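Asks: Submitted below is the structure of interest, expressed as C-alpha cells.
The values are calculated or read from the model by the stated rules, or taken from the named source; none is laboratory data. A quick note: this is a predicted structure, and the numbers were derived from the prediction, not measured. Cβ coordinates were reconstructed from backbone atoms using ideal geometry, including for glycine residues, and neighbour counts include every protein chain displayed.
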C-alpha cells in the first residue's frame with residue numbers, strides 16, 4: 001500500500017468530470033469513462049496518449065507516493081491530515097491553463113503562485129515522518145543520474161526530486177508526446193478544458209490518494225477541507 005497527498009477537485013466539479021473524460025477514468029470511483037469526441041483526435045489516440053496519467057488519476061502532487069514508516073498506520077495519517085488541513089486556508093489558482101512541460105501536457109500556472117508553493121512545501125515537511133525510506137530500487141526508478149544537484153538532494157532528503165524550490169504546480173494530462181503532435185493535441189486539450197477553466201480553480205482540500213498494490217490505479221481515499229471548520233461554516 002502506498003499513499004500520496006495531492007489536490008484534486010471535488011467529485012462533482014466540472015473540472016473533475018472533464019478530466020475524467022479526457023483521461024478515461026474517474027479518480028474517485030475508479031470506473032472507466034468514455035473519452036470525448038474531439039476534432040482531429042480519435043478516441044483511440046486519446047486513450048494511447050493518456051495511458052500513463054490514467055493510472056495516477058487527475059491530481060496535482062504535493063507529497064509523492066510513499067509507503068508508511070514503521071510505527072505509523074493509516075488511522076494516524078488520516079488524523080494528522082485532518083488537523084493539518086484545518087490549520088491552512090484555501091488557495092485560489094488564477095491563470096490555470098493547458099500548457100506543456102517538456103514533452104508532456106497538463107494544466108499549469110501561467111505565473112508563479114507563492115501560496116501554492118508554500119502549501120506544497122508545508123505538506124512535504126509535515127508528513128515526511130510518515131514516509132518509509134526509499135529502497136535502492138525506488139531510488140533507481142527516479143533515474144538519479146539525470147537529476148540536478150538540488151533535485152538529487154531533495155530525493156535523498158524528502159523522497160522526491162521535485163519539491164521545495166524545484167516544485168512546479170501541474171496536473172498531468174498526457175504521457176510524453178512527439179513534437180509533431182504538440183499542436184494538434186494542444187488544440188484538442190484547450191477545446192476540452194478551456195470552458196471549465198474560465199473561472200479560477202480553488203484548492204480547497206487535500207486529497208489522500210491510495211495505491212493498494214504496486215502498479216494498481218490510484219484512487220481518492222478521502223478529501224480533507226482546508227480551513228477552520230468555523231470559517232467554512234461562515235463562508
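Asks: In contact with a strand residue (DSSP E or B) (Cβ under 8 Å, 6 or more places away or on another chain), buried (at least 20 other Cβ atoms within 10 Å of the Cβ), within 24 Å of residue 130 (Cβ to Cβ) and touching a residue at least 60 places away in the same chain (Cβ under 8 Å): is that true of residue 60 in this structure?
Replies: So residue 60 passes the test.
Asks: Please state which of the following conditions residue 37 fails to meet, knowing it meets all the rest: (1) within 12 Å of residue 192 (Cβ to Cβ); (2) surrounded by 15 or more Cβ atoms within 10 Å (Cβ to Cβ).
Replies: Result: residue 37 fails condition (2) only.
Asks: Checking the structure you have, find out if any residue of segment 92-112 is touching a helix residue (DSSP H, G or I) at 6+ places or on another chain (Cβ under 9 Å), crowded, with 18+ Cβ neighbours inside 10 Å and closer than 26 Å to residue 157 by Cα.
Replies: no
Asks: Provide a single number: the residues in segment 1-16 that are surrounded by 15 or more Cβ atoms within 10 Å (Cβ to Cβ) and in contact with a helix residue (DSSP H, G or I) (Cβ under 6 Å, 6 or more places away or on another chain).
Replies: Residues meeting the conditions: 3.
Asks: Still on this structure, I have one more. Report, by residue number, each residue of segment 169-212 that is over 20 Å from the mean Cα position of the chain (by Cα) and part of a helix (DSSP H, G or I).
Replies: 179, 180, 181, 182, 183, 184, 185, 187, 188, 191, 195
Asks: Another question, then. So for segment 94-115 (the condition being assigned to a helix (DSSP H, G or I) and at pLDDT 95 or above), does at least one residue qualify?
Replies: Within segment 94-115, one or more residues are assigned to a helix (DSSP H, G or I) and at pLDDT 95 or above.
Asks: From the list 119, 134, exactly one residue is under 25 Å from residue 78 (Cα atoms), modelled with pLDDT under 95 and buried (at least 16 other Cβ atoms within 10 Å of the Cβ). Which is it?
Replies: 134
Asks: Considering only segment 1-11, how many residues are at pLDDT 95 or above and either more than 13 Å from residue 223 (Cα to Cα) or outside any loop (DSSP other than H, G, I, E, B) (or both)?
Replies: Number satisfying all stated conditions: 6.
Asks: Checking the conditions here, which among 206, 189 is surrounded by 12 or more Cβ atoms within 10 Å (Cβ to Cβ), at pLDDT 95 or above, in contact with a strand residue (DSSP E or B) (Cβ under 6 Å, 6 or more places away or on another chain) and farther than 23 Å from residue 105 by Cβ?
Replies: Matching residue, one of 206, 189: 206.
Asks: Follow-up question, since we're still on this one. What residue, among those in segment 54-80 that are within 10 Å of the chain's Cα centre (by Cα) and not in a loop (DSSP other than H, G, I, E, B), is farthest from residue 118 (Cα to Cα)?
Replies: Result: 56.
Asks: Consider segment 17-48. How many of its residues are touching a residue at least 12 places away in the same chain (Cβ under 8 Å), outside any loop (DSSP other than H, G, I, E, B) and out of contact with any helix residue (DSSP H, G or I) (no Cβ under 9 Å at 6 or more places or on another chain)?
Replies: 1
Asks: Then there's this: Test of understanding: among 199, 140, 145, 213, which residue is closer than 20 Å to residue 25 by Cα and at pLDDT below 95?
Replies: When all the criteria are applied, what remains is 213.
Asks: Against the condition modelled with pLDDT of 95 or more, within 14 Å of the chain's Cα centre (by Cα) and within 24 Å of residue 132 (Cα to Cα), how does residue 20 come out, does it pass?
Replies: Answer is no for this residue.
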